[in-house]
1. Kindly list the number of the only condition in (1) away from the ligand (no atom under 16 Å from the Cβ); (2) open to solvent by less than 10 Å² (accessible area, probe 1.4 Å) that fails for Ser271.
2. Go through the stretch 131-140 and give me each residue that's at pLDDT 95 or above and in contact with a helix residue (DSSP H, G or I) (Cβ under 8 Å, 6 or more places away or on another chain).
3. Can you find a residue in the stretch 362-379 that is over 23 Å from Ile66 (Cβ atoms) and hydroxyl-bearing (Ser, Thr, Tyr)?
4. Which numbered condition trips up His287, out of (1) more than 16 Å from the ligand (Cβ to nearest atom); (2) more than 24 Å from Met122 (Cβ to Cβ); (3) free of Cβ contacts under 8 Å to residues at least 60 places away in the same chain; (4) in contact with a Pro (Cβ under 9 Å, 6 or more places away or on another chain)?
5. Going by the conditions given, is Ser313 surrounded by fewer than 22 Cβ atoms within 10 Å (Cβ to Cβ), farther than 21 Å from Ile38 by Cα and in contact with a Leu (Cβ under 8 Å, 6 or more places away or on another chain)?
6. Which of the following residues is closer than 28 Å to Ala94 by Cβ, touching a residue at least 12 places away in the same chain (Cβ under 8 Å) and open to solvent by 60 Å² or more (accessible area, probe 1.4 Å): Glu389, Glu405?
7. Restricting to the stretch 146-194, and then to whatever is under 15 Å from His116 (Cα atoms), in a helix (DSSP H, G or I) and of a type in the set (A, V, I, L, M, F, W, C), can you tell me which residue is farthest from the chain's Cα centre (by Cα)?
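The values are calculated or read from the model by the stated rules, or taken from the named source; none is laboratory data. This is a predicted model, so every value here is computed, not measured. Counting neighbours? That spans all protein chains shown, and the Cβs are built from the backbone with ideal geometry, glycine included. These area figures cover heavy atoms from the full protein model, side chains too; ligands, DNA and RNA do not enter into them. Shrake-Rupley method; radii C 1.70, N 1.55, O 1.52, S 1.80 Å.
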Amino acid sequence: MCVLHRVISALLMVLPGWGLAQRVGEPIPVWQEGQLDIHHINTGQGNATFVVFPEGTTLLIDAGAINSMDWRTNKPRNIPTWPSNERQAGEWIARYIRNVLRFQRIPAIDYAVITHFHDDHMGTPLNVVKRSKGDYTLTGITEVADYVPIHKILDRGWPDYAYPKPMDADSMVVNYRRFLSWQQQHKGLVVERFQAGRADQIVSVKSASTRQKNPFEVRNLMVNGELWTGEGDKIKGLFPGLRSLKPAEYPNENMCSIALQIRYGAFDYFSGADLQGVLQFGAPAWHDVETPIAQVVGPVDVQLVDHHGYPDSQNGSLLSRLQPRVLVLPAWASSHPGRDVLERLFSDQFYKGERDVFATHLLPEAKTTIADLLPHLKSESGHIVIRVEKGGKTYHVLVLDDQSESYKVKAIYGPYSAR
Ligand SMILES: [Zn+2]
């Protein structure tokens, strides 16, 4: 923290309320020590969640950039890159992050987690011409790192990228691995496999005294079907051994997703990427990974909706157990969210009490089929920021303008009490 920032922070402590409050129509105030900020960035191209922990450590979860020329895009099903096609999603994400990190002298991402190897979470090189100095294409996470240095990356495949089968022919993974090795050689990037059960893989990078003043925890819940048991750092496997399966029956990419939980004081946040929990016809029971993970998570304050609210996500067991007060829906296609999913989110059949749902970007086509439920949503588009106040007792949800880079607050919800 620079001297000026220290002085301002000290002044703000003496003058409570002065300059701290967020106001509608004004840019979001810069992060202050003690606050936990969770930014769900809308690029229209998939997930990108940027976290600033209460002592200043930073974490990026995913950096999607979907294939802009494939069957999904330039069609009503998808929205274009947001706020415009002038830049790619990775660059928009990086610019957003740099704005958040203007309290740092040199902005940096301490940790990046790639939850699984799909374009809307890591970026695809297909039909992208932007190249790095290294021998790889700039898209999604590889493009973010070109603008903001990343110190450590955690994913589900390092070092062999072979579960459940080798990914040598996957152009996304091939490009990503080229990026990793170039960044390791030239920028000192550290890469690790995300390990379920641990609460010491994503930790504070600040000094011991700063750390002790603002303790937080990131628990690694699940990856590749390995689930934390809730005791110590023990895990159990949810998937059958590969030897008992034909290759066509192997776990799919979504169910291998990384899931994690962030805790700060009484506040809890759950992020399960593209986990699924609604069985498709004829599928074996182990395809439902939401039911077992719900048992170890328990009630949370805020949940990132699984799999963009696609119809195979957010089953009743998950909702009854998590009972989220706030749900953030990372939407970018006409199928996000499924009508039945939205009905479940709002149903008191699974849990009682109020809940607020915020979408990052609903397409007109998505709105048509859920028109009668739209008035229940708190936002249909915007960057959705969860700002947890010092100590983790209360939080607000801020909806930020996403039409330009104004970072202006469009609406404020809360304060909510962390439970
Ligand atoms: Zn996805």
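1. Tallying (1) away from the ligand (no atom under 16 Å from the Cβ); (2) open to solvent by less than 10 Å² (accessible area, probe 1.4 Å), Ser271 fails exactly one: (1).
2. Restricting attention to the stretch 131-140, the residues satisfying the condition of being at pLDDT 95 or above are 131-132, 136-140.
Across the stretch 131-140, the qualifying residues are Ser132, Tyr136, Thr137, Leu138, Thr139, Gly140.
3. no
4. (2)
5. Numbers: surrounded by fewer than 22 Cβ atoms within 10 Å (Cβ to Cβ): no; farther than 21 Å from Ile38 by Cα: yes; in contact with a Leu (Cβ under 8 Å, 6 or more places away or on another chain): yes.
Taking the combined requirement at face value, the residue does not satisfy it.
6. Details: Glu389 fails: open to solvent by 60 Å² or more (accessible area, probe 1.4 Å).
From the options Glu389, Glu405, the qualifying one is Glu405.
7. Val174
One line per residue, one yes/no per condition, for (1) basic (Lys, Arg); (2) away from the ligand (no atom under 16 Å from the Cβ); (3) touching a strand residue (DSSP E or B) at 6+ places or on another chain (Cβ under 8 Å); (4) modelled with pLDDT under 95:
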| site | (1), (2), (3), (4) |
| --- | --- |
| Trp18 | no, yes, no, yes |
| Glu26 | no, yes, yes, no |
| Val30 | no, yes, no, no |
| Gly34 | no, yes, no, no |
| Asp37 | no, yes, yes, no |
| His40 | no, no, yes, no |
